[in-house]
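Engineer: Structure incoming, see below.
The values are calculated or read from the model by the stated rules, or taken from the named source; none is laboratory data. Since this is a predicted model, take the numbers as computed values, not measurements. Counting neighbours? That spans all protein chains shown, and the Cβs are built from the backbone with ideal geometry, glycine included.
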Amino acid sequence: MHFFQYIRAKFSSNAALPRRATTILLMALIAGCSTTHYRESADREAYAILKNKSPLVQGTVEDFDIGPVLPPELEALPVLDPDPESEMVRKLKRDGEGNALKDEFGDLISTEEVNEVDALAFLGDAASTERGSHVLTLEKALEIGFSYSRTYKTQKEQLYSAALRLSLERDQYAPFFSGRVSGDYSRTTTDVIRDNAIGDQINRPPNWDAALQQLTGTSETLFREYAQVVAAAAALSGADTTSVEIMNERSVNANTNVGVNWLMKSGARLGLNLTSNFLRFLTGDSRESAVSVLTGSLVQPLLPGATKRINAENLTQAERDMLYSLRQFTRFRQQFVVSITTEYYRVLRSRFSVDINYRSLQTTKQSLARYQAFDDEDQGNTADIRRFTTNVLNGESSWIGSITSYNNQLDQFKISLGLSTDAPLVLDNGELDRLRDQGLLHPSGITVKEAIEVALVTRLDLQTTSDQVEDADRRLYIAAKNLLPDLDLVASATVTSEPGSNQPLNFDWQRIRWNVGLDADLGLERKSERNNFVNAQIAFQRASRNLDLAQDTVKFDVRNQSRQLELDLRNYAIQNANLLNSEFDVEEQVLRMEIGEGNPINLEDAIINLASAENSVINALVSHTTTRLNFWADLGILYIEKDGQWSTPGHNYEEPVQTAKESAGAVEFLDIEQSF
C-alpha cells in the first residue's frame, strides 16, 4: 500500500509531470510494437535497398516482393474441348473432299467412321484425365511460374535476406541506441534488542541519582543504595533480561541505463552512457536517494593500419555482396525462363510421341488384321503373321511406355510451376503448330568471335567473378596492414549527479573526471595475422584462377551453343527432307497397292517411317528453339519481363551489342564514403 501511495505522490508533482508523461508515452509505444510493425520495417528497408541497387545490374526487373500471393485462377483458362478429328484423322484426308477419305492402305472410309474417332484416343485410359482440363499456353505457364514456383520464391527470399544483411551492416555505422530498465521491491528484516520494564528503570541514563537529589533533596547515596537492592532483586528473579524484536523494512529500487554508441568508418568509436539508480524506503524513516553517472568515451586508431578502407571493410563487402546477389537473381531469371520453356516443349513433344506411337500401332494392327484375313482364305503367310503379331506387341509396349513418360513429365512440369499435381491442366498443343508455322529463327548478323566478346562483357556471373578478384586484392591489402603495430587514442570523461540532491539530472559539472591516453599494441605476437596474410595471398591467387576459368567457361558456353545451333539447323533441314521422302514413299506404296503391285509390309514400314519422320522434325524444331534461348542467355542479352516474357535482339545484334557493352561498362560500386 505504501508503494502505491508513493507512486501517486510522485506523479502528483506538477514539476515532474512533463518528464513523466513522456516516459509513460514512450512505454506505451514500446508495448504497442507488434510483430507486424517489425515486419513492415524490415520490408521498407529491404525493398528500398533492392530498388536502389537494381539500376546497377543490367536487365534487373523489380520483382522482389516475397509476400504471399493468391492461388492461380485456373478456372479462367480455356477448357479442352477435343475436336473429333484428331491428328490421325486429318492424316487420312488425302484428297481434301468431305466424303472421299482413304486410310493408309488406300481404302475408302465413310464420314461416319471418321466421326467415331476420338481425338484423345491415342492417350488410352489416360484420356479421361484430360477431358475437361484447362489448356495452359506457354505465356500463361511462364506467368504462373514467376508467381508460384517454389524455386523462384526461394531465390527471391534469398535476395531479400541479402538486403537485410546489408541493412544490418549499415546499421553498424550509424548511432546505436540502447536502454535497459530494472526495478525491484525489497523486504529486509533487522533484529532490535528491547529491555523489559524493570530493565528500563535500571538502565537509566548516567547521573540519574544526582539529578533526583537536586529535585527531591533526598541523599544521592540513598538513591544509589536503593537501586543496588532493586538490581540485585531483579537479577535473582530474572527480571532484567532483554528481548529481541524483528523489524521489517521495505524499499523500492529502480535502475536505468541508456546509451549511444557510434562506430565511424574512420575506425573511431564514440560512446555515451547514462546510468541512474533510485532507492526509496517505504517503512520507518521514509528516505530516498537518486544518483546518476554520465560517461563518455572515445577510441580513435592513429596508425596507418587502421585506415578508413580497413575499418569499413565489412560494410564495403556487404555492399558488393548485395550487388552480387542481384546479379545472381537476374541470371537465375534468365535460366528459369529457358528451363520452363524447355520443359514445356518437352512435355508437348512427349505428348506428340504418344500420338505417333499410337498411329504406328494402329497401322501395324491393320496390317495384322489383313494378313489374318488372308490366312483365313489360305492366302496368308504364317511367318508374316508372327512378324506382325510381334510388331503389335512391341508397338503396344512403346505406346504404353510413352503414355507413362508423358504423364510423369506433365506432373513434373506442374511441380516446376509450383502447382499441385492434381491440377487439371493440359498444355496447349497449338504451341507446336505455332512453332511449325514460325519455322526456325536462326541467329544471324553476329559471328562467334563477336558473341564471345559480348558475353565477356555482359555475363552477370562473369562480372561477379571479376569483382571477386578485387575483393581478394582488397583483403590482401588489409591483411598486410594488420601486420603493423596498433596505436589508439583513448579518452573518457565521467560526471555524477550532485550528492544529496536526489535530482538524477542535476550533474555536478564542477567535479567532472576525465582522462586521455594512448593504447599501443607493439605487435610482438603476430602469428594469427601472419597466417591471415598468407591465406589472403592464397585466396587472391585462387580468385585469379577462378576468373580465368570463368572466362574460358563463358567462351566454351558460347561456342557450344553456337555449334549446337548450327547442328540443329542442319538437323532440321535433314529431318524435313526425310519427312518429304517419307511422304513420297507412302504415296508410292499406296499407288502400288491400288494397282495390285504393292506389298503391305512395305506400306506399313513406309507409314511408320513417316510418323517417325514427323516426330524427328518436331524434335529438331524444339531443340533449335531451346538452344536459341540458351544462346541468348549465355550471351547475357536475354531480357526477362516481370511476368516471365522475354525479349531478344532477334536477327540484328549491332545495336543491342553496343548497348550491352555501354551498360556493363557503366556499372560502378557505391563508394564506401557515400552516406546511407
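Engineer: When you check R511 against the structure, is it within 30 Å of N277 (Cα to Cα), surrounded by fewer than 15 Cβ atoms within 10 Å (Cβ to Cβ) and charged (D, E, K, R), yes or no?
Structural biologist: For R511, the condition - within 30 Å of N277 (Cα to Cα), surrounded by fewer than 15 Cβ atoms within 10 Å (Cβ to Cβ) and charged (D, E, K, R) - is met.
Engineer: Hey, any hits in the stretch 480-495 for a residue that's within 28 Å of the chain's Cα centre (by Cα), in a helix (DSSP H, G or I) and aliphatic (A, V, I, L, M)?
Structural biologist: Checking the stretch 480-495: not a single residue is within 28 Å of the chain's Cα centre (by Cα), in a helix (DSSP H, G or I) and aliphatic (A, V, I, L, M).
Engineer: Kindly evaluate T389 against the criterion of being within 32 Å of the chain's Cα centre (by Cα), surrounded by 12 or more Cβ atoms within 10 Å (Cβ to Cβ) and in a helix (DSSP H, G or I).
Structural biologist: It is false that T389 is within 32 Å of the chain's Cα centre (by Cα), surrounded by 12 or more Cβ atoms within 10 Å (Cβ to Cβ) and in a helix (DSSP H, G or I).
Each row is one residue, and each column tells you yes or no for (1) closer than 20 Å to N630 by Cα; (2) outside any loop (DSSP other than H, G, I, E, B); (3) within 29 Å of the chain's Cα centre (by Cα).
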| residue | (1), (2), (3) |
| --- | --- |
| D411 | no, yes, yes |
| S416 | yes, yes, yes |
| L419 | no, no, yes |
| A423 | no, no, yes |
| L432 | yes, yes, no |
| L435 | yes, yes, no |
| L441 | yes, no, no |
| I446 | yes, no, no |
| K449 | yes, yes, no |
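Engineer: Over 28 Å from S360 (Cβ atoms) and out of contact with any helix residue (DSSP H, G or I) (no Cβ under 8 Å at 6 or more places or on another chain): does that describe L565?
Structural biologist: No, not satisfied.
Engineer: Restricting attention to the stretch 311-336, and to residues there that are at pLDDT below 85 and surrounded by 19 or more Cβ atoms within 10 Å (Cβ to Cβ), which single residue is nearest to S167 (Cα to Cα)?
Structural biologist: It comes out as A312.
Engineer: Mind listing whichever residues of the stretch 518-554 are within 14 Å of Q463 (Cα to Cα), touching a residue at least 24 places away in the same chain (Cβ under 8 Å) and not aliphatic (A, V, I, L, M)?
Structural biologist: Selection gives S544, N546, Q551.
Engineer: Look through L522, L518 and report the one residue that is loosely packed, with under 11 Cβ neighbours inside 10 Å and touching a Leu at 6+ places or on another chain (Cβ under 8 Å).
Structural biologist: Criteria check complete, one pass: L518.
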